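The values are calculated or read from the model by the stated rules, or taken from the named source; none is laboratory data. Quick caveat, the model's predicted, so the values are computed rather than measured. When we count neighbours, we look across all protein chains shown, and the Cβ atoms used for this are built from the backbone with ideal geometry, even at glycine.
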Amino acid sequence: MAIPPLIVAIDGPAASGKSTVAKRIASCLQIVFVSSGGMYRAFTWRVLEEGIDPADTKAVLEILKVTRFDCGEESGLGTFAVDGRFLTKEELSARSVNENVSTIAAIPEVRERLVAEQRAYGEANGVVMEGRDIGSVVFPNTPYKFYIDASPEVREQRRRAEGVTDSIAARDKTDSNRKASPLVIPEDAIVVDSSYMSVEEVVEKVISEISLRRE
Ligand code: DC
């Protein structure tokens, strides 16, 4: 029987450090890293570029219908083009995108479309994917689920150190309280509080838990 692809789900609130950790783990395991938040950000950018109000769900769904998504991979990183356009880091973390991504990500039809793309990544060759609903909705059957947390103060500090002005508290509130796939800690996830841990310590902890479960 073929060995199923390795799927590692990493969830957590904004600026918990999960993205940095997930990237390193993917590189250690030699599988692709995907930021699912980047996918929601890319579609949000597209909506804003069209001059659509993100709160106008009907208009957002019209544009969703005609938008083409292309998932790929480059040097171990998942790439995501929207209507053939690859967005820069600056575009994906623009203030307007930060402010509106939670509204767009709360729309069930948007999630349905992007979750299908996310599953295709994992089923192809395995993946380390980070987000908010990876262990709870996208890959509920994987035994490798992690929830990376950090205190609100530490998360605000980390964002400021990156030079990003972003209302983390507001985004967390929308992400946790929405009806469609809210941010939750999956029952079977291993919770790592990274507030006072270095990136290396978190990576080590996650890799050792994966090894234990693979034995
Ligand atoms: O991880 P991030 O900050 O790039 O995520 C951007 C937004 O996308 C976040 O506010 C919530 C949303 N998101 C989501 O709803 N589900 C995911 N799996 C990943 C991100």
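Select, from 66, 47, 32, the only residue that is surrounded by 20 or more Cβ atoms within 10 Å (Cβ to Cβ), over 21 Å from residue 167 (Cβ atoms) and not polar (S, T, N, Q). One residue alone meets the criteria, 32. Report, by residue number, each residue of the range 1-23 that is in contact (Cβ under 8 Å) with a residue 12 or more places away in the chain, among the small types (Gly, Ala, Ser) and either more than 16 Å from the ligand (Cβ to nearest atom) or surrounded by 20 or more Cβ atoms within 10 Å (Cβ to Cβ) (or both). Across the range 1-23, the qualifying residues are 9, 12, 14, 15, 16, 17, 22.
Scanning the range 78-124 for residues that are free of Cβ contacts under 8 Å to residues at least 60 places away in the same chain, of a type outside the set (D, E, K, R) and not in a helix (DSSP H, G or I) gives 78, 79, 80, 81, 82, 84, 86, 87, 88, 94.
Of the residues making up the range 113-125, those that are surrounded by fewer than 19 Cβ atoms within 10 Å (Cβ to Cβ) and either within 10 Å of the ligand (Cβ to nearest atom) or within 25 Å of residue 213 (Cα to Cα) (or both) number 5.
Yes or no, residue by residue, for (1) under 20 Å from residue 132 (Cβ atoms); (2) free of Cβ contacts under 8 Å to residues at least 60 places away in the same chain:
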site	(1), (2)
27	no, yes
32	yes, no
41	yes, no
47	yes, yes
60	yes, yes
64	yes, yes
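Out of curiosity, is residue 210 surrounded by 13 or more Cβ atoms within 10 Å (Cβ to Cβ) and over 16 Å from the mean Cα position of the chain (by Cα)? Considered against the rule, which asks whether it is surrounded by 13 or more Cβ atoms within 10 Å (Cβ to Cβ) and over 16 Å from the mean Cα position of the chain (by Cα), residue 210 comes out as yes.
Annotation: of all residues in the range 132-155 being part of a helix (DSSP H, G or I), in contact with an Asp or Glu (Cβ under 9 Å, 6 or more places away or on another chain) and not hydrophobic (A, V, I, L, M, F, W, C), the one that is nearest to residue 190 (Cα to Cα) is 135.
I'm checking my understanding of the structure. Among residues of the range 24-45 that are of a type in the set (Ser, Thr, Tyr) and near the ligand (Cβ under 10 Å from one of its atoms), which one is nearest to residue 96 (Cα to Cα)? My answer is 44. Take residue 11 and decide whether it is among the acidic types (Asp, Glu) and farther than 18 Å from residue 168 by Cβ. Taking the combined requirement at face value, the residue does not satisfy it. What is the number of the single condition among (1) out of contact with any Pro (no Cβ under 8 Å at 6 or more places or on another chain); (2) farther than 27 Å from residue 66 by Cβ that residue 95 does not meet? Residue 95 satisfies every listed condition except (2). Given (1) touching a helix residue (DSSP H, G or I) at 6+ places or on another chain (Cβ under 7 Å); (2) farther than 30 Å from residue 173 by Cα; (3) not polar (S, T, N, Q), identify the lone condition not met by residue 72. Evaluating residue 72 over (1) touching a helix residue (DSSP H, G or I) at 6+ places or on another chain (Cβ under 7 Å); (2) farther than 30 Å from residue 173 by Cα; (3) not polar (S, T, N, Q) leaves (1) as the failure. Among residues of the range 162-176 that are closer than 10 Å to residue 14 by Cβ and near the ligand (Cβ under 10 Å from one of its atoms), those with a Cβ under 6 angstrom from a residue that is at pLDDT 80 or above and among the hydroxyl-bearing types (Ser, Thr, Tyr), sequence gap 6+ or separate chain, pair up as 171/102; 175/102. Checked against (1) within 14 Å of the ligand (Cβ to nearest atom); (2) buried (at least 17 other Cβ atoms within 10 Å of the Cβ), residue 60 passes all but condition (1).
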